[in-house]
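Step one of this worksheet: look at the structure below.
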Amino acid sequence: MFISKFLTENKVKKLIFVCGFNNYLGINEEYDKVNKSMYFDNLEDVKQYANEIICFYSDNDPYVKYEIEKDFADKISTEQILIPNAGHINSESGYDTFEDIVSYL
């Protein structure tokens, strides 16, 4: 909640999302319970809290369909980075480190 409160009171320079999604259920019951509580009714509102929004996503995420990640990025990002065949861009997909993100920090 701290981040949400902070964003409503301060505009940040940059937000970076990795495999972002909103209002997407069906990954599994445990994840759905947690994720559902964090969804936005109007995702586009996020744009008013940041000067720049960068979205990294993959075309073969085993948890979130490409179309869902692409739609998320289309709605809020100022820049999109597609990483082909990167899975969920996590350790399970071979990303113990994520060097590509450093140049955006």
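The values are calculated or read from the model by the stated rules, or taken from the named source; none is laboratory data. Quick caveat: nothing in here was measured; it's all calculated off a predicted structure. Every residue, glycine as well, gets a Cβ built from its backbone with ideal geometry; the counts of neighbours run over all protein chains shown. Please note that ligands, DNA and RNA were not included when accessible areas were found on the heavy atoms of the full protein model with its side chains. Shrake-Rupley method; radii C 1.70, N 1.55, O 1.52, S 1.80 Å.
Restricting to segment 14-51, name every residue that is among the aromatic types (Phe, Trp, Tyr) and within 24 Å of Phe98 (Cβ to Cβ).
Filtering segment 14-51 down to residues among the aromatic types (Phe, Trp, Tyr) leaves 17, 21, 24, 31, 39-40, 49.
The answer is Phe17, Phe21, Tyr24, Tyr31, Tyr49.
Yes or no: segment 29-50 includes at least one residue that is more than 26 Å from Lys11 (Cα to Cα), under 14 Å from the mean Cα position of the chain (by Cα) and not aromatic (Phe, Trp, Tyr).
No, there is no match, as no residue in segment 29-50 is more than 26 Å from Lys11 (Cα to Cα), under 14 Å from the mean Cα position of the chain (by Cα) and not aromatic (Phe, Trp, Tyr).
Please name all residue pairs, on different chains or six or more residues apart, with Cβ atoms under 6 Å, provided the first residue is in segment 7-21 and is open to solvent by 30 Å² or more (accessible area, probe 1.4 Å) and the second residue is part of a loop (DSSP other than H, G, I, E, B).
Val18/Ile89; Phe21/Val64
Among the numbered conditions (1) open to solvent by 50 Å² or more (accessible area, probe 1.4 Å); (2) farther than 30 Å from Glu9 by Cα, tell me where Ala86 comes up short.
For Ala86, the exception is condition (1).
What tally of residues in segment 26-62 results from selecting those that are in a loop (DSSP other than H, G, I, E, B), surrounded by fewer than 16 Cβ atoms within 10 Å (Cβ to Cβ) and charged (D, E, K, R)?
Result for segment 26-62: 2.
Got a sec? Which of Ile68, Ile3, Ile16 is under 15 Å from the mean Cα position of the chain (by Cα) and modelled with pLDDT under 85?
Values: Ile68 fails: modelled with pLDDT under 85; Ile16 fails: modelled with pLDDT under 85.
Just a single option satisfies the conditions, and that option is Ile3.
Please list, ordered by first then second residue, the pairs with beta carbon atoms under 7 Å, 6 or more apart or interchain, first in segment 66-91 and of a type in the set (D, E, K, R), second loosely packed, with under 15 Cβ neighbours inside 10 Å.
Note: pairs meeting the criteria are Lys75/Glu44.
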